[in-house]
Amino acid sequence: MLKIYQSPSEIHPAVAELFVEAAQTAIAEKGSFTVALTGGSSPIELHKLLASAIYADKIDWNKVFVFWGDERWVPLADNLSNAKMAFETLLSHVPLPKDQIFPMYDTDRTPEEFAAIYEQKLLEILGKDGHFDLILLGMGDDGHTASLFPHEEVLNEQEKWVDAYYLAPQGMHRITLTAPLINKAKQIVVITFGEKKAPALHQVLEGEPSVQQYPSQLLKPANGNLTFFVDEAAASQLENKQG
Ligand SMILES: O=C1O[C@H](COP(=O)(O)O)[C@@H](O)[C@H](O)[C@H]1O
């Protein structure tokens with residue numbers, strides 16, 4: 001599904017409402033809510049909204065389990081860290097038990113070792129079916145999502161739930177949930193806005209199939225919902241704006 005808003009300031013409350021509803025539904029049905037956060041700049045205002053009383057007070061944070069869709073392999077205090085951003089904008093402001101927050105980083109492990117440990121933790125919390133209640137994602141100008149970057153071997157992964165690799169163009173390791181796990185989620189939400197995203201969004205939604213070039217095309221939930229929340233600028237090159 002595609003939801004187009006006039007501006008990003010309309011996207012954030014819409015996704016915040018969805019987040020609250022997904023949390024309330026999951027908690028009512030099974031006593032917990034499992035979510036994977038996204039990094040980059042797109043979720044910052046969403047996080048701040050979720051941290052505000054109007055939304056935060058509607059969620060029983062004691063029953064929320066927070067993971068990440070991906071991470072730059074940098075210490076948690078580094079400004080590039082997706083986790084640092086999430087703590088500053090959301091997680092430090094809500095009553096969420098610390099042992100229910102799982103950043104994708106450990107100083108004492110290699111990225112590859114930690115990917116296996118993270119996968120075990122996911123197995124423990126999600127169970128062997130691996131269904132997240134909600135996965136929030138962004139999309140880069142190049143069509144990447146999570147740390148599924150164009151032409152990287154991770155795009156071919158079929159078994160592992162979590163993978164880590166050296167992303168040469170950026171000179172750093174990345175750790176990411178893989179497409180097989182992401183696509184098990186009950187809900188996947190992609191938040192992307194701004195005219196720089198327009199060419200990639202057009203290719204991802206309307207272009208020829210080419211997951212190697214536009215990895216966001218890998219998003220195909222087996223039994224869940226996939227919704228792109230975009231602004232008019234990002235949607236400007238779409239031929240079909242009906243979603
Ligand atoms: O590097 C990353 O970039 C993407 C997109 O970021 P944005 O700034 O365009 O929102 C993000 O989804 C991913 O989590 C992050 O690691």
Query raised in the report: When both residues are 6+ apart or on different chains and their Cβ atoms are under 9 Å apart, which pairs have a first residue that lies in the stretch 37-63 and is within 15 Å of ALA23 (Cβ to Cβ), and a second that is of a type in the set (Ser, Thr, Tyr) and within 16 Å of the ligand (Cβ to nearest atom)?
Result: LEU46/THR89; HIS47/THR89; LEU50/THR89; ALA51/THR89
Query raised in the report: exposed (fewer than 13 other Cβ atoms within 10 Å of the Cβ) and either part of a strand (DSSP E or B) or touching a Pro at 6+ places or on another chain (Cβ under 8 Å) (or both): does that describe GLN217?
Result: no
Query raised in the report: Restricting attention to the stretch 22-34, does a residue exist that is out of contact with any Cys (no Cβ under 8 Å at 6 or more places or on another chain) and either part of a loop (DSSP other than H, G, I, E, B) or over 26 Å from LEU126 (Cα atoms) (or both)?
Result: yes
Report summary line: Subset of the stretch 168-182, residues more than 13 Å from the ligand (Cβ to nearest atom), touching a residue at least 24 places away in the same chain (Cβ under 8 Å) and within 13 Å of PHE149 (Cβ to Cβ), comes to THR178, ALA179
Requested in this report: Would you check if there is a residue in the stretch 36-47 being of a type in the set (D, E, K, R) and either in contact with a Leu (Cβ under 9 Å, 6 or more places away or on another chain) or away from the ligand (no atom under 14 Å from the Cβ) (or both)?
Outcome: no
**Report entry** Matching residues in the stretch 21-42 - criterion: being aliphatic (A, V, I, L, M) and open to solvent by less than 10 Å² (accessible area, probe 1.4 Å)
**Finding:** ALA23, ALA26, VAL35, ALA36, LEU37
Query raised in the report: Just to be sure, is ASN62 over 15 Å from the mean Cα position of the chain (by Cα), more than 24 Å from PHE228 (Cβ to Cβ) and within 16 Å of the ligand (Cβ to nearest atom)?
Result: no
Query raised in the report: Within the stretch 10-17, is even one residue within 16 Å of the ligand (Cβ to nearest atom), touching a strand residue (DSSP E or B) at 6+ places or on another chain (Cβ under 7 Å) and more than 27 Å from ASP129 (Cα to Cα)?
Result: yes
Query raised in the report: Given the structure, is ASP99 away from the ligand (no atom under 14 Å from the Cβ), under 29 Å from ALA164 (Cβ atoms) and either open to solvent by 20 Å² or more (accessible area, probe 1.4 Å) or aromatic (Phe, Trp, Tyr) (or both)?
Result: yes
Query - Residue count for the stretch 153-199, restricted to those that are under 21 Å from ALA83 (Cβ atoms), outside any strand (DSSP E or B) and of a type in the set (Phe, Trp, Tyr) - result: 1
Report task. Please tell me if PHE193 is within 19 Å of ASP141 (Cα to Cα), buried (at least 19 other Cβ atoms within 10 Å of the Cβ) and within 12 Å of the ligand (Cβ to nearest atom). Result -> yes
Query raised in the report: Would you pick out the residues in the stretch 122-145 that are touching a residue at least 40 places away in the same chain (Cβ under 8 Å) and open to solvent by 40 Å² or more (accessible area, probe 1.4 Å)?
Result: ILE125, ASP129, HIS131, ASP141, ASP142
Query - Residues within the stretch 43-93 that are open to solvent by 10 Å² or more (accessible area, probe 1.4 Å), part of a loop (DSSP other than H, G, I, E, B) and either of a type in the set (Ser, Thr, Tyr) or closer than 24 Å to ASP106 by Cα (or both), tallied - result: 9
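The values are calculated or read from the model by the stated rules, or taken from the named source; none is laboratory data. As the structure is a prediction and not an experimental result, all values here were calculated from the model. Note that each Cβ is placed from the backbone with ideal geometry, even for glycine, and that neighbours are counted across all protein chains shown. Accessible surface is based on the protein model in full, side chains and every heavy atom, while ligands, DNA and RNA are left aside. Shrake-Rupley method; radii C 1.70, N 1.55, O 1.52, S 1.80 Å.
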